[in-house]
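Asks: The structure's right below; bear with me while I get my questions together.
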């Protein structure tokens, strides 16, 4: 049994945590939401890189044996630096699934909904450059969506209207595939399907990210056998109680057997969860 850290700017990474609890249930999890600084996608690249490194260093110091950067923006801006600094433990990132989307699109028209920082990042554009030129990508920054999701307004008319505005270029272009390039966006799936229709393929990389986590745990010979009651600690730099409430609303995995704790903390207090 390992302690696995999952880090996001807010509640979006709960979509990755949910998949990890489903695929890899025999571990303890520490989820860190830097909600006091969300959204990351609107901040300068160097700030994102430095903050993400500081968070991951704190998670490692708290005893995490693997860390999932469950944030596309933080992955794009910081993962190389984080891996260089934390060589002893596996660091798993997330990135928009544009490659599988390009392979699966029948029309060669793919929409990408992501943060501005992700779309402008060198990592994203380097990946885009490796893909076939006959596939057209309609890129759209989902400005304003993350704060609405963070505040729990998943089904609000304001959220639906803003999402419709962001999806309009994709509807106009006639995309048959949509890449969700932010871990917050899967929580808008009902609204997305309602606006685009069920014929549009939605690409979310949560399953692939957790499969990579499982592979890295094996490579590093980290035990996966459960020993005692499993725990989930939810930490937020803004409001631990609110993060707990959102987790109880959004997680679909079986959490009945988990010992769940939550706190509002600073980076120097992450170890309080152990």
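Asks: When you check residue 59 against the structure, is it closer than 23 Å to residue 247 by Cα, touching a residue at least 24 places away in the same chain (Cβ under 8 Å) and in a helix (DSSP H, G or I), yes or no?
Replies: Judged against the criteria, residue 59 is a match.
Asks: When you scan the stretch 132-140, do you find a residue that is in contact with a strand residue (DSSP E or B) (Cβ under 9 Å, 6 or more places away or on another chain) and surrounded by 23 or more Cβ atoms within 10 Å (Cβ to Cβ), even just one? Give the derivation first.
Replies: First pass over the stretch 132-140, keeping only residues in contact with a strand residue (DSSP E or B) (Cβ under 9 Å, 6 or more places away or on another chain): 135-140.
Now narrow it down to the ones that are surrounded by 23 or more Cβ atoms within 10 Å (Cβ to Cβ): none.
There is no residue in the stretch 132-140 that is in contact with a strand residue (DSSP E or B) (Cβ under 9 Å, 6 or more places away or on another chain) and surrounded by 23 or more Cβ atoms within 10 Å (Cβ to Cβ).
Listed here are the residues, each with its yes/no results for (1) farther than 21 Å from residue 20 by Cα; (2) touching a strand residue (DSSP E or B) at 6+ places or on another chain (Cβ under 8 Å); (3) surrounded by fewer than 21 Cβ atoms within 10 Å (Cβ to Cβ).
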{"site": "81", "(1), (2), (3)": "yes, no, yes"}
{"site": "87", "(1), (2), (3)": "yes, no, yes"}
{"site": "93", "(1), (2), (3)": "no, yes, no"}
{"site": "115", "(1), (2), (3)": "yes, yes, no"}
{"site": "128", "(1), (2), (3)": "yes, yes, yes"}
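Asks: Count, please, the residues in the stretch 120-145 that happen to be in contact (Cβ under 8 Å) with a residue 24 or more places away in the chain, under 18 Å from the mean Cα position of the chain (by Cα) and over 19 Å from residue 79 (Cβ atoms).
Replies: Residues flagged as in contact (Cβ under 8 Å) with a residue 24 or more places away in the chain, under 18 Å from the mean Cα position of the chain (by Cα) and over 19 Å from residue 79 (Cβ atoms) within the stretch 120-145 amount to 5.
Asks: Does residue 41 satisfy the condition of being in the same structural domain as residue 76 (by TED's automatic domain parsing), at pLDDT below 95 and touching a strand residue (DSSP E or B) at 6+ places or on another chain (Cβ under 8 Å)? Walk me through how you get there before you give the answer.
Replies: Numbers: in the same structural domain as residue 76 (by TED's automatic domain parsing): yes; at pLDDT below 95: yes; touching a strand residue (DSSP E or B) at 6+ places or on another chain (Cβ under 8 Å): yes.
Yes; evaluated as a whole, the condition is true for this residue.
Asks: Report, by residue number, each residue of the stretch 83-119 that is within 18 Å of the chain's Cα centre (by Cα) and in a strand (DSSP E or B).
Replies: 91, 92, 112, 113, 114, listed by residue number.
Asks: For residue 55, state whether it is farther than 20 Å from residue 205 by Cα, surrounded by 24 or more Cβ atoms within 10 Å (Cβ to Cβ) and under 18 Å from the mean Cα position of the chain (by Cα).
Replies: Against the criterion (farther than 20 Å from residue 205 by Cα, surrounded by 24 or more Cβ atoms within 10 Å (Cβ to Cβ) and under 18 Å from the mean Cα position of the chain (by Cα)), residue 55 qualifies.
Asks: Step by step: first the residues of the stretch 4-19, then only those that are in contact with a helix residue (DSSP H, G or I) (Cβ under 6 Å, 6 or more places away or on another chain) and in a loop (DSSP other than H, G, I, E, B), then the one that is surrounded by the fewest Cβ atoms within 10 Å (Cβ to Cβ). Which residue is that?
Replies: Going residue by residue through the stretch 4-19, those that are in contact with a helix residue (DSSP H, G or I) (Cβ under 6 Å, 6 or more places away or on another chain) are 5-7, 9-11, 14-16, 19.
Okay, now just the ones that are also in a loop (DSSP other than H, G, I, E, B), so 9-11.
On the way: 9: 33, 10: 27, 11: 29.
If we take residues in the stretch 4-19 being in contact with a helix residue (DSSP H, G or I) (Cβ under 6 Å, 6 or more places away or on another chain) and in a loop (DSSP other than H, G, I, E, B), then 10 is surrounded by the fewest Cβ atoms within 10 Å (Cβ to Cβ).
Asks: Now, a different point. Being surrounded by 22 or more Cβ atoms within 10 Å (Cβ to Cβ) and in a helix (DSSP H, G or I) is the filter here, so list the residues in the stretch 36-52 that pass it.
Replies: Answer for the stretch 36-52, where residues must be surrounded by 22 or more Cβ atoms within 10 Å (Cβ to Cβ) and in a helix (DSSP H, G or I): 40, 41, 48, 52.
Asks: Next question. Restricting to the stretch 239-260, name every residue that is surrounded by 14 or more Cβ atoms within 10 Å (Cβ to Cβ) and over 21 Å from the mean Cα position of the chain (by Cα).
Replies: 258, the sole residue that qualifies.
Asks: Which one of these is touching a residue at least 40 places away in the same chain (Cβ under 8 Å) and surrounded by 22 or more Cβ atoms within 10 Å (Cβ to Cβ): 26, 72?
Replies: After applying the criteria, what remains is 72.
The values are calculated or read from the model by the stated rules, or taken from the named source; none is laboratory data. Because the structure is a prediction, the values reported are computed rather than measured. Don't worry about glycine lacking a Cβ; one is built from the backbone with ideal geometry, like all the others, and counts go over all protein chains shown.
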